[in-house]
1. Could you tell me which residue of region A:40-61 is surrounded by the fewest Cβ atoms within 10 Å (Cβ to Cβ), considering only residues that are near ligand 1 (Cβ under 8 Å from one of its atoms) and not in a helix (DSSP H, G or I)?
2. Please go through (1) basic (Lys, Arg); (2) over 18 Å from the mean Cα position of the chain (by Cα); (3) open to solvent by less than 80 Å² (accessible area, probe 1.4 Å) for A:ARG255 and return the number of the only condition it doesn't satisfy.
3. Somewhere in region A:112-129, is a residue acidic (Asp, Glu) and more than 13 Å from chain B (Cβ to nearest Cβ)?
4. Which one of these does B:GLY227 not meet: (1) over 27 Å from B:VAL111 (Cβ atoms); (2) in contact (Cβ under 8 Å) with a residue 12 or more places away in the chain?
5. Can you name the condition, by its number, that A:THR101 falls short on among (1) of a type in the set (Ser, Thr, Tyr); (2) facing chain B (nearest Cβ under 10 Å); (3) open to solvent by 30 Å² or more (accessible area, probe 1.4 Å)?
6. List the number of the failed condition for A:GLN246; all other conditions in (1) touching a residue at least 24 places away in the same chain (Cβ under 8 Å); (2) among the polar types (S, T, N, Q); (3) closer than 19 Å to A:ILE65 by Cα hold.
7. Suppose the filter is basic (Lys, Arg), more than 8 Å from chain B (Cβ to nearest Cβ) and over 28 Å from A:GLU191 (Cβ atoms); does A:ARG143 pass it?
8. Could you list all residues from region B:218-244 that are open to solvent by less than 30 Å² (accessible area, probe 1.4 Å), of a type outside the set (A, V, I, L, M, F, W, C) and touching a Lys or Arg at 6+ places or on another chain (Cβ under 8 Å)?
Amino acid sequence: MATDPIRTPAAGPADAPPVLRARGVGKVFGGVQALQGVDLDVAEGEVVVVIGPSGSGKSTLVRCIDQLEQIDAGSIELDGELLGFRVDRGGVLRRLPTRRTAAQRRRMGMVFQSFNLFAHLTVARNVWEAPVRALGVPAPEARERARELLERVGLGHKADAYPSQLSGGQQQRVAIARAMAMRPRLMLFDEPTSALDPELVGEVLGVMKSLAQERMTMIVVTHELQFAREVADRVVFMDAGTVVEQGPPDQVFGRPATERLQTFLHRFSAAP
Amino acid sequence: MTGPGPRSLRATVPGRRGATSAAGPARSAAPGPGSAPSPAVTAAAAPDARDSRPERRPLLWLAWAVLAVLAAQLVAFVLRSDRLELEVVGEYLFAEPVLDGLLTTVVLTVVATVLGTALGAVVCLARLSSLAPVRYLATAWIAVFRSVPPLVQLLFWFNLAYLVPVLSLGIPFGPSFGDWDANDVITPYTAAVIGLSLYNSPYSAEIIRSGLSSVPRGQLEAATSLGLPARDTFFRIRLPQATRIILPPMGSQVISLLKGTSLVSVISMTDLLGAAREVYTRTFEVVPLLIVAILWYIVLVAVLTTGQSWLERRFSRGY
Ligand SMILES: Nc1ncnc2c1ncn2[C@@H]1O[C@H](COP(=O)(O)OP(=O)(O)O)[C@@H](O)[C@H]1O
Ligand SMILES: [Mg+2]
């Protein structure tokens with residue numbers, strides 16, 4: 001297991017501090033309350049799937065966690081470290097300079113709906129560029145690991161191709177390898193299969209499932225409810241910028257407590 | 001599928017097939033091995049794309065004919081005209097004063113391109129600055145230097161010594177570290193470099209800005225999300241992708257600058273055109289020497305165009 005290219009975290013004690021802790025997170029976009037009072041804990045090795053109607057704030061939540069958006073209320077901690085802010089000597093909360101938030105982002109991997117592979121770089125370079133530039137990993141070592149990661153997602157033979165020469169499913173698998181190359185503590189997925197043709201969804205979900213099996217800590221925003229049933233340790237249902245209901249998949253899908261979740265699930269099963 | 005299309009095709013195909021009737025049945029049998037070709041199938045054979053002929057294009061032949069006539073006219077004119085004096089063109093094409101002028105043109109183009117682009121890059125970054133005064137300065141710069149015609153700028157900078165007799169470097173309204181007589185500093189060459197670079201800078205700035213802003217937001221977000229340092233995000237992700245967009249307009253810009261250098265003869269610089277003029281004011285062989293200059297301008301632009309297409313290919317890898 002030591003040579004495994006994808007990190008396998010040792011299962012911590014049951015009462016270990018959470019990898020991620022969000023408290024009362026709020027975000028406003030020009031008058032629109034995108035997030036309001038969101039609390040979320042994610043434990044080591046846990047897979048949390050976030051579901052909810054369009055516009056409910058799912059993307060905003062993962063983007064706030066990844067510091068791509070600045071939060072307006074509450075706090076987010078990664079391994080007990082406050083994200084995006086520091087407390088100065090006078091006890092005043094101040095935004096971190098970009099250099100410091102960049103360092104925090106390196107500990108989280110983000111997979112976007114639209115892949116966002118670097119169009120002018122080869123697939124392999126997409127994977128090893130950031131470890132070399134941002135983490136200072138020696139280039140030969142980073143290339144070797146990029147090769148292993150690409151093998152892992154079944155794309156070893158595409159290392160020298162450019163992203164435009166790949167199918168959407170292949171591009172998204174490269175994007176996952178690129179994020180994993182930073183050896184993140186936490187992986188964030190924002191509707192990773194929503195831009196894919198239906199027949200390509202499976203290959204991406206397959207890679208995500210194998211990450212989950214290796215106990216990668218993950219937050220996954222998705223409409224693939226079957227994936228949520230099979231892989232999630234916990235399902236979080238969001239609506240109108242708040243967490244409405246959460247729990248194990250059996251409970252959330254089998255015995256939805258709120259009317260909003262019932263409506264959502266009903267609409268979802270009616271219109272595939 | 002019994003529309004008018006197939007029916008009208010069927011009407012024409014048998015006629016065309018007259019000569020290849022032997023191949024007909026064999027082909028229609030090919031798709032279904034095992035199913036014997038029955039006469040009925042052959043008779044009602046579907047049209048086969050392989051039997052199609054190229055479209056007749058009378059307009060194409062007409063265009064070729066017009067081109068041939070024009071070319072013949074040009075050749076006849078060149079051969080018959082006794083005013084073209086091709087031997088004079090040949091005599092001066094590689095003459096030393098002409099080659100010196102050519103070198104001046106090339107050097108001016110290169111220097112003004114490099115300085116103008118560098119200035120443009122600075123102005124562009126200033127326009128994107130988060131500091132408002134810096135943005136205003138850049139906007140004013142672009143407004144001024146884009147408005148003044150290049151010929152006017154050349155004359156103005158050449159006559160700068162009248163406006164500012166002494167150029168000094170130092171603290172504003174404070175002590176000066178060095179003074180220079182503007183008449184010594186402003187030679188025709190420096191005036192030409194300053195004028196052409198300044199004229200070039202607002203265009204370069206706008207071209208670079210449009211290139212930088214054409215890079216999709218997702219590319220920058222991906223880099224940010226990976227925690228790539230800002231410098232690497234700019235130089236390794238944003239700039240290379242912007243370059244692909246920047247190159248075509250920048251190429252045209254360099255070509256107009258090259259042609260713009262022909263204005264410097266008004267401030268008594270001997271560029272390619274200036275050299276030709278110096279010769280023909282002596283010998284009165286005006287047209288042959290203008291043709292010498294024309295031929296060299298065509299060669300220079302051809303070289304630039306070749307370089308540009310090479311660069312464009314280089315930077316469009318992956319698209
Ligand atoms: N950059 C933005 N500017 C303005 N409004 C935004 C922006 N991003 C999201 N929103 C708004 O915030 C709300 C939540 O959006 P989002 O997080 O994208 O929802 P979801 O991902 O669940 O579909 C929506 O009302 C959306 O219009
Ligand atoms: Mg979304």
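1. It comes out as A:SER54.
2. Unmet condition: (3).
3. No, region A:112-129 contains no residue that is acidic (Asp, Glu) and more than 13 Å from chain B (Cβ to nearest Cβ).
4. (2)
5. The failed condition is (3).
6. In the conditions (1) touching a residue at least 24 places away in the same chain (Cβ under 8 Å); (2) among the polar types (S, T, N, Q); (3) closer than 19 Å to A:ILE65 by Cα, A:GLN246 misses (1) alone.
7. Taking the combined requirement at face value, the residue satisfies it.
8. B:GLN219, B:SER225, B:GLY227, B:ASP232
The values are calculated or read from the model by the stated rules, or taken from the named source; none is laboratory data. None of the values given here were measured: they were computed from a predicted structure. Please note: Cβ atoms are built from the backbone with ideal geometry, for glycine as well, and neighbour counts cover all protein chains shown. Protein only, heavy atoms only, side chains kept; ligands, DNA and RNA dropped before computing areas. Shrake-Rupley method; radii C 1.70, N 1.55, O 1.52, S 1.80 Å.
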